[in-house]
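Worksheet for the structure shown next.
The values are calculated or read from the model by the stated rules, or taken from the named source; none is laboratory data. Just so it is clear, the model here is predicted, and its values are computed rather than measured. Methodologically, a virtual Cβ is constructed for each residue, glycine included, from the backbone with ideal geometry; neighbour enumeration extends over all protein chains shown. Note: accessible area is taken over every heavy atom of the protein model, side chains too, but ligands, DNA and RNA are not part of it. Shrake-Rupley method; radii C 1.70, N 1.55, O 1.52, S 1.80 Å.
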Amino acid sequence: MTGSLAVAQSAAAHAEATLPAVGAQRAAWLLLVFPLIGAVVLLLGGRRTDRWGHLLGVAMPLAAFVYAVIAFAQMLGYPGDQRSRNVQIYQWIAVGSFKVNVGLQLDQLSICFVLLITGVGSLIHIFSVGYMAHDEGRRRFFGYMNLFLAAMLLLVLANNYLLLYAGWEGVGLASYLLIGFWQFKPSAAVAAKKAFIANRVGDAGLSLGIMLMFSTFGTVTFAGVFSHAHQAGPGVLTALGLLLLLGACGKSAQLPLQSWLLDAMEGPTPVSALIHAATMVTAGVYLIVRSGPIFDLTADARLAVAIVGAATLLFGGIIGSAKDDIKKALAGSTMSQIGYMMLAAGVGPKGYPFAIALLLAHGFYKAGLFLDAGSIMHGMNDEVNMRRFGGLYAVLPITFTTFAACYLAIIGFPPFSGFFAKDTVIDAAYHDGGTTGWIVGTAALIGAGITSFYMTRILLMTFFGKRRWAEDAHPHEAPPVMTWPVILLALGALGFGAFEILGDRLPDFLGPVTGYVPPEPSVVTQAGGIALALMVIFAVIAWLLFGRRPIPETAPAAGPAVSAARKDLYGDAINESLLMRPGQWLTRLSVYFDNRGVDGLVNTVAATIGGTSGRLRRVQTGYVRSYALSMFLGGVLLVGALLLARI
Amino acid sequence: MSPGDFVALAVVLFVIGAVGVLVRRNAMVIFMCVELMLNAVNLAFVAFARMHNNLGGQVIAFFVMVVAAAEVVVGLAILMSIFRARRSASVDDASLLKY
């Protein structure tokens, strides 16, 4: 009953006309142009830009951020239902009745992403100046990072699916280039390829979805698709939802396309922070929330989204609990947190704002955690094995403090970011009602416990306990250019969640886009309390396992559960046995069929003709008398035939 | 002698010529056998012309003679040059143009 009301309201909200932009917002294309200039100059400029390349690379995101703040301030000046503004740039494709414009849409949802991408992106760029200071390819690095920003901003600003797809492929390219940035390492080159190929599977889903949209609605603009969505049949809508979900799974490393994210940690740490934690991997959540009007009409696809999210949040958490590589443990955590966002997005309009709230808060604390991991690696000769850390709190005080702040934020310690952002997601899951609501809600609750477990484990193994450093390790605090961005991110991690959720600030802001309606009083008001209790219990368990006892420097033999988690819960093995091996067999079979079947047939025909004519050739003996005989016989035959015909 | 006897003679001459072409190896003899066959046919033409009171057969016989004369000239020229090159007039020796 209330569900259908909510759908009707959200449809009304989506159907609202998008107004043309005026004033400063008309220059929204600047957001794309700034980082694009950086990328073009740095990548085409060659070695002569080496000296000042990183400065340009930092200036461009900052310029974009300043512009984003101006556009945001202008947006706040409009009433809620007039904040969605359209910036027409030019007509891209015009074939018959099919027209695609390059147009940008500045609304509440995209501005959230733009501020996150440019803001957190700028901080990470500044951090990279210090982190990559001794790397020969620093200019190339900044070029790729700027290229990523341009593609990501295109993805979130596009006002139609085709343009979104262009940005979608652009971030995939930048991700590939940056994972394989140290391409002389075979592991990095392989990881880059793996990420690219896994993403292709998802991209295929998204492109099929766009084609289905075009064949069903005849348009690919957000406004056009959403206003006609209710006319499509339920089967088409569900197919559309599932195809979009497949695209989201690829980009956001959700089951079953999760396997690339852990390997993606081969890239430089700022890349892990920006692309594989704060922004790109959340593109899937953006896609689902942006396509809300489609998902509102298909409960089946929504359920699939929620199930994928719930499964991934447990899957990632379990992997993160067993990894000794600090970056991979954090990557497992990223998968798990994005699982939360997907779960919230699967709830529908009641969950969208909380998915975005968690996404923004996660952008702060996960970027902070990764940059801290980068600071630690910077001081520890690029060591990533947490078994060789320990006791670092005394020598890296700033890193420790910021890491602890982000830690409190991610485990949901009140009153920091995660407490508000994650508990609302859990609440929203229970609010969904029914058996599925209980199942995904309970998965989210257990996930909260696991989050607390693995984060406490990382904190204890890294900063506390005996010093298990390598002999030549002399940990030292990073220079200010690296610490200040982390401090700012940590402050955001502490306060941003409360800012978003208290007084329903973000849900009210996003309401006109996502069709949010405040839910009726909670069925499980104590979900937050249970989450809090689980958090404390699991933190204590982690302390009992990793804080009280000394940690061996090499990983001890473990039971089946821990071994499985160390091997990414056999994600790669499943891919190999289910996809790679059958694929190889299929190739071998087709090669065999081609060689023996197709080539065999052709060769047999050719050989038959060749052999026959070879034998027939022998008739040409060169003896005049045999020719004369055949002529004579021919003449006899001819005359005989004539005589017979006459008679 | 009735015209039928001339036709019978022509058949005999033709068969002798045909057998000679098929069994002899000497190009000179083969030529003579070819001439024999041509003349057998000429004889048949003339006989048929007489039988049907139609001059057409006699006219064709002249044409055949002219063609046969030309053929003999060309054939003997070829035969001469083969004999100069190979010192043999056997047609079985000149069997290079084959498969």
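When Rg and Dmax are taken over the Cα atoms of region A:57-154, they come to 16.8, 54 Å.
Rounded to a whole number, what is D in µm²/s for region A:589-647 from Stokes-Einstein with the Kirkwood radius over alpha-carbon pairs (37 °C, 0.692 mPa s)?
For these conditions, the coefficient is 215 µm²/s.
Within region A:34-140, the chymotrypsin sites (Phe, Trp or Tyr not before Pro) that combine a DSSP coil assignment with at most 15 other C-beta atoms in a 10 angstrom radius are A:W52. Averaging Cα coordinates gives a centre for region A:243-310 and one for region A:110-172; these two points are 17 Å apart. Taking all Cα pairs closer than 8 Å and separated by 6 or more residues, the relative contact order of chain A comes to 13 percent.
Cβ-Cβ distance of A:A166 and A:Q91, R₀ of 25 Å, FRET efficiency by 1/(1 + (r/R0)^6): the value works out to about 0.95. The angle between the Cα long axis of helix A:299-322 and the main principal axis of chain A comes to about 70°, on a 0 to 90 degree scale. Subtracting the Cα-Cα distance of A:K567 and A:L502 from 0.36 nm times their residue separation leaves 19.4 nm of extension gain. Add +1 for every Lys or Arg and -1 for every Asp or Glu among the other residues with Cβ under 12 Å from the Cβ of A:M342, and state the total. Spelling it out: positives minus negatives among the neighbours equals +2. Between A:K99 and any residue 5 or more places off or on another chain, the built amide H atoms are never under 5 Å apart. With each pseudo-label sitting 7 Å past Cα toward Cβ, what's the A:L44-A:K99 distance in nm, one decimal? For A:L44 paired with A:K99, the spin-label model returns 3.1 nm. Scaled against 2.2 N^0.38 Å for its residue count N, the alpha carbon radius of gyration of region A:323-419 is 1.19. Projecting label points 7 angstrom from Cα along Cα→Cβ for B:E35 and B:R50 puts them 2.3 nm apart. The length gained by stretching the chain between A:E576 and A:A189 to full extension, at 0.36 nm per residue less their Cα-Cα distance, is 137.5 nm. In region B:74-99, what residues drop by 30 Å² or more in accessible surface going from the chain by itself to the full protein assembly, probe 1.4 Å? When all protein chains are present, B:V91, B:D92, B:S95, B:K98, B:Y99 each give up 30 Å² or more of accessible surface.
Taking the accessible area of chain A, probe 1.4 Å, and keeping the other protein chains in place, the carbon and sulfur fraction comes to 70%.
The tail of the calculated P(r) for the protein assembly as shown beyond 38 Å holds 50 percent of all Cα-Cα pairs. Taken about its Cα centre, chain B carries a charge dipole of roughly 340 debye when the Cβ of each Lys and Arg holds +1 and the Cβ of each Asp and Glu holds -1.
Based on the alpha-carbon gyration tensor of chain B and its eigenvalue square roots a ≥ b ≥ c, which shape applies: rounded if a/c is under 1.5, prolate if not and a/b is larger than b/c, or oblate? Because a/c hits 1.5 or more and a/b exceeds b/c, chain B counts as prolate. If R0 is taken as 56 Å, the Cβ-Cβ distance between A:T604 and A:F214 corresponds to a FRET efficiency of 0.75.
Here region A:194-280 is treated as an ellipsoid with the same Cα gyration tensor; its semi-axes, largest first and in whole Å, are 31, 13, 10. Distance from the alpha carbon centroid of region A:450-504 to that of region B:20-99 works out to 114 angstrom. With both labels modelled 7 Å from their Cα along Cα-to-Cβ, the B:Y99 to A:R617 distance reads 0.8 nm. Computed from Cα atoms, the angle from the helix A:186-217 axis to the main principal axis of chain A rounds to 80 degrees.
Remark: the protein assembly as shown carries 44 Å² of accessible area per residue (probe radius 1.4 Å; ligands, DNA and RNA excluded). Cross-link pairs exceeding 18 Å in C-alpha to C-alpha distance, out of A:K323/A:K567; A:K350/A:K422; A:K99/A:K251; A:K422/A:K567, comprise A:K99/A:K251; A:K422/A:K567. Of the residues A:R85, A:R48, A:R618, A:R139, ranked by 1.4 Å probe accessible area with the largest first, the sequence reads A:R48, A:R618, A:R139, A:R85. Listed by chain and number, the lysines placed with their C-alpha closer than 18 angstrom to that of A:K185 are A:K193, A:K194, A:K327, A:K328; residues fewer than eight positions away on the same chain are left out. Panel note: contact residues of region A:602-645 (accessible area lowered by at least 40 Å² against the chain on its own; 1.4 Å probe) correspond to A:R618, A:G622, A:Y623, A:R625, A:F632.
Given a 1.4 Å probe and the protein chains as shown, A:E553 ends up with an accessible area of around 80 Å². Between B and A, buried accessible area from a 1.4 angstrom probe totals roughly 1100 Å², ignoring ligands, DNA and RNA. Rounded to the nearest 10 degrees, the inclination of helix B:3-23 to the longest alpha-carbon principal axis of chain B is 10 degrees.
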